[in-house]
Every structure is written in C-alpha cells, then in structure tokens.
Amino acid sequence: MTIFELFSYGFIQRALLAGVLIGVLCAVLGVFLVLRRLSLIGDGLAHITFGSVALALFAGLQGAAMLLVSLPVVLLASLGILKLAGKARLGGDAAIGIVSSVGVSLGVLLTVLGRGYGVDLFSYLFGSILAISKAELLVAGGLFITVLALLWLYYNDLVALTFNEELAAVSGIRVRFLNGLLAALTALTVVLAMKLVGVMLISALLILPASAALQVARGFRMTVVLSVLFSLLAVVGGIVISFLLNLPSGATIILLAFLLFCVGYLFRQLQTVKNKS
Amino acid sequence: MQELISVEQLTCRHGAVEALSDISFKVTAGDYLGIVGPNGSGKSTLVRALLGLMPAYQGKISLFGQLRDSFSAWERLGYLPQNMGPLNPAFPATVFEVVQLGLLAGKGLPRRFCRHDRKQVLDMLELLGIEHLQRRMIGELSGGQQQRAMLARALVNNPELLIMDEPTAALDPDIRDRFYELVSQMNKDKGTTVLLVTHDTGTIGQYASRMLYLDKKVLFFGSFDEFCHSPEMSAFFGEHSQHLICHRH
C-alpha cells in the first residue's frame, strides 16, 4: 500500500485530523504545565477520565455521548484539585494523588457493578484513534477551537504567570482565575486525548513534546512552536506507522515522542560540549 | 502633592506571629523613601502587604488614592522583588522576552506586544547596559546580570512608583553604585517615586530623601535631616551610628 492510498481512507483521515487537533493542544498546554511543574495534573485528570468513562458506560452511553458525562466530571475534578491544594493544607501533588485515586476507584467499582471488564473500557485505557467517529471528530473540533481561542486570548498572561506568579499578580494579571483556566483547559484536552492515546498515556503526550522542545529552544515562543512541531511529528508518524505495522497507535505515538525527546536531549548535550570547547 | 502610598495602622501576621504592628506612613509623589531595619524586621512583609501579595492584615492600605483591594492601575507601578528564588534555569525565555513582560500591565485583553514596545524594551536594555544580553536565556545569566534584567523589567513601563526589595543584594560594588545613581537620576529627572527596601543603612542616606526605620513597628519615619537631629535616634543608635546612617556631615 502506498502512502497516497493510506491517506485516501476516511477513517485514517479522521484519525489524522483528530490527532493533529489534539496534538497541537497538548503541545501548547504542555509547555505551561511542565514549566509550572504541574505535569502530573494531566495524569490525575486522566485517571478521573477513566472514572467518568466507566460512569458513562454504566449509564449506557456510547461514542460522542459519553463526553456529556466525561467533560463536566473532569472539569469539576480539575477545579477540585486546585481547591484541595489551596484550602486543605495539601501540596498540589497530594491533591492530584487524592483526586486521581478516587477516579480510578470509582471507575473500577462502576465497571464491576455494571457489565464487568469489557473491550470498551480497554479501548479508552489505551486509545483507539483509528476508530474515531464523525460525531467525536466534530466534538474534538469544537473543543479545539474553544481551547485554542482561550489560549490565544490569555497567551501572554500565561507566560507571565509561568515565569513568576507574584510578578504576574503585580502586573494586574488575575492569578487565581488563570490557574483555574489552565486547569480547565487541561481537563478539556485530557478528555479529548483519551481517544488518541488512552487514559494511561495522556500525561506523556502533555509532557514529552514540551520537554523535547525545552531541550533545544532558545526563547519562549520558539519552545511553543517546537513543542507543536514535535507533537505533530509524533502523532502523524505514530498513526501512520501503527496502521502500516498493525501496532497500537497510542503506544506508538508516545514512543515516537520519547524518541524525539532523546534526539533533543542529545542535541543539547552536543551543544553544551561544543560551547565548552 | 499626590499621595501615592498611604498606610494606616497596618498590622500583619505570619500565622500567630505578629510580623508588623501598627504601621502608619505616607509616600507622596517624588519621594525617595528608604525602608531600613535589621533582618526579620518586617521590611519585605511590608512591601508584600502593600502589593497585595500577603492577604492577612488589619488596617488600611491605599495606592494612588485607591484602596489596595480595589487597586487596578498596576501600569503605574514597577516592582523588583527581593530574590526570584534562583530563577528556574529551565525557563526558556530570553532576556528580551522577560523584560517585555514588564509592559503587560498597561494592556487590555488580548495583551499583545507592538513595534513600539520592542523599541521601549531595547531602549531600557541599552540604558542599563545589557543590550548585548537580549538574546541570552535568562536562566543562563549570572546573579548580577539576572538582577539587571529584572530591574529592566520593572522600569520598562516608565512607572510613577518604583518598589524595590533589596535590589542590590546580588550586585558587585561598582554595579551597585551605578544602580543607585540610575535610580537617583530617575527620581530627580523623571520624578519617579522610589520605595527601596535595604539593609544597607550605610549607603541609603546618600540617595534617599526620607527614611522609615522598621523593627516590626516604625521606630523612625521622616527626612534624614530630622533623623540626624533626633535625640530619640541618638539615644537609640548612639551618635556615631546615627550620623553614619544620615550622611549629612
């Protein structure tokens, strides 16, 4: 099969389009999350997503309709993490730990109470981008536009917040609102990314492209651009390779992203050696 | 003269410990106020309370005639914090990008930078003699270079009020002198009001017009001439130290 033939399949086109949308969001948000040392919020929210999927399956929902349950649950959980971290004398890591373990526990309970472990849940754990439906793609497109518009609107505010929270506050930037916004945008993105790489690997899609970009970029804007580029390479490359070699797409995407991170790391080491000599 | 800062009967607590007690003072436009006092005297707490970075307090704080809690004219104010913690060495911004962030306060959403902002940043970098660092990553600079970049960030918006907390701590002596002269020049030529926190009691009298001596409460607030002739301050510091601080002889 030629690459041209490959791209003529409707399901491959849908998978690539959804992958590109999700990849861009994860790459941009990932830069802010990694630099704010909030990488694991993605992991915590992914576990909550698992619980929300189990809840949706328990309620008998399928496909895009499941997002009606997942989106509000994960959004609430993201704000819950912030609230717990701020009010309950907890660090962010403990708050994420609590919320994510509650998510998994609820997921397991509901699955057992409902219909037992099934193929459906497995596909959400490890992703099934090649099976994305038109309705799911439409929802992904809508969320992509929403998240990207908010990122565009608050981009420089988020850069200032990421650099130093107190200086941002003294510049009149609404720090609490922005922290909430960042958590909410992450929640929306995590729910979307579940279809692409699965609950288990979502945080990697947030962390790896941003971390690879941080190895080589010289400036904030360049970091964001490179993070998007690396993410797209991993997502598009991963989907194509996984289809051609009959491999699971989520795991292939993440391993490709890790490879790009390794290349970035090696590049940085070589630059350091070159600068010293 | 316009009152830029007004503090009335301010009391701040760190948990159960009272860090500041019954502080009252005013800063008017054109003042250069040095806030001095020993370590742990509450200098930084006072600055953080002024800027709304420390919520728990009693008393009344006003900035530019507006109550602090409803204050919104942040573009009129420049702030240089005590230390940024060691700046995250992985933070991927260039010096230019960091200084540019100082212009955000004057902008409405979506906050974007224009060509004029670029010129303003370059002019400020040149004024502080660090234009050659503009493309360097902030995390790769020495402590003194980082401090100058952060000063450029605080000054780039041409603030009417400049608040600095121990700004010379990471600077070499010759750069420290240039720094003091630059701030004095801004105070005299542009009328920038300066509030400078320092434990450098030996130097501040050369530059500031007024002093607030703090040790959890106000021990002295007034001009250096008043300080110099105050019998209470002679009794508190001893005459020798008193005149070393006032720099009037």
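All other residues with a Cβ under 14 Å from the Cβ of residue B:187 taken together, and with Lys, Arg as +1 and Asp, Glu as -1, what is their net charge? Around residue B:187, the surrounding residues sum to -1. The charge dipole of chain B, taken about its Cα centre with unit charges on the Cβ atoms of Lys, Arg (+1), Asp and Glu (-1) only, comes to about 880 debye. Look at the alpha carbon pairs under 8 Å that are at least 6 residues apart: their mean separation over the length of chain B gives a relative contact order of 26 percent. The largest-to-smallest principal axis extents of the Cα set in the stretch A:3-268 are 52, 45, 31 Å. Averaged over the residues of A:220-227, the number of partner chain Cβ atoms lying within 10 Å of the residue Cβ comes to 3. Taking A:184, A:149, A:131 as the candidate residues, the one with maximal mean-square fluctuation in a Gaussian network model of chain A, Cα springs under 10 Å, is A:149.
The Cα center of the stretch A:240-277 and the Cα center of the stretch B:16-62 differ in position by 51 Å.
With +1 on each Lys and Arg Cβ and -1 on each Asp and Glu Cβ, how big is the dipole of the stretch A:3-268 about its Cα centre, in debye rounded to the nearest 20?
Working: 14 positive and 8 negative charges, 73 e Å.
Magnitude of the dipole: close to 360 debye.
Tell me, A:277, A:8, A:249 in order of fewest to most beta-carbon neighbours within 10 Å? Let's see the in-between values first.
Working: A:277 5, A:8 11, A:249 25.
Lowest count first: A:277, A:8, A:249.
A simple count of charges around residue B:6, restricted to other residues whose Cβ falls under 11 Å of its Cβ and scoring Lys, Arg +1 and Asp, Glu -1, yields +1.
Let me know the shape class of the stretch B:39-102, please: from the alpha-carbon gyration tensor, a ≥ b ≥ c as square roots of the eigenvalues, rounded when a/c is under 1.5, otherwise prolate if a/b is greater than b/c, or oblate.
Oblate, because a/c is 1.5 or more while a/b does not exceed b/c.
Under the criterion of Cα pairs below 8 Å and six or more residues apart, the relative contact order for the stretch A:3-268 equals 31 percent.
Applying a DSSP loop filter and a limit of 15 other Cβ atoms within 10 Å to the trypsin sites (Lys or Arg not before Pro) in the stretch B:1-82 leaves nothing. The angle between the Cα long axis of helix B:143-155 and the main principal axis of chain B comes to about 90°, on a 0 to 90 degree scale. A Förster distance of 35 Å, applied to the separation of the beta-carbon atoms of residue A:221 and residue B:29, puts the FRET efficiency at 0.40.
Can you give the local net charge around residue B:106? Use residues other than it whose beta-carbon is closer than 13 angstrom to its beta-carbon, Lys and Arg +1, Asp and Glu -1.
Values: positive: B:76, B:107, B:111, B:112; negative: B:75, B:117, B:160.
In short, +1.
What does DSSP give for the protein assembly as shown in terms of the percent of beta bridges that are antiparallel, rounded to the nearest 5?
55
Considering only B:113, B:64, B:179, the mean-square fluctuation computed in a Gaussian network model of chain B, springs between alpha carbons under 10 angstrom, is largest for B:113. Note on chain A: with a GNM built from Cα contacts shorter than 10 Å, the maximum mean-square fluctuation among A:198, A:51, A:114 falls on A:114. Extension gain, residue A:269 to residue A:244, is 5.6 nm, computed as 0.36 nm per intervening residue step minus the present C-alpha separation. So, in Å, what gap is there between the alpha-carbon centers of the stretch B:137-186 and the stretch A:126-202? Using only Cα atoms to place each centre, the spacing works out to 36 Å. In chain A the longest region clear of trypsin sites (Lys or Arg not before Pro) that are loop-assigned by DSSP and have at most 16 other C-beta atoms within 10 Å covers A:219-277.
Bear in mind that the values in this text are calculations on the coordinates, not laboratory data. The structure displayed is predicted, hence computed values, not measured ones. Quick reminder, even Gly has a Cβ in these numbers, built from the backbone with ideal geometry, and neighbours come from all protein chains shown.
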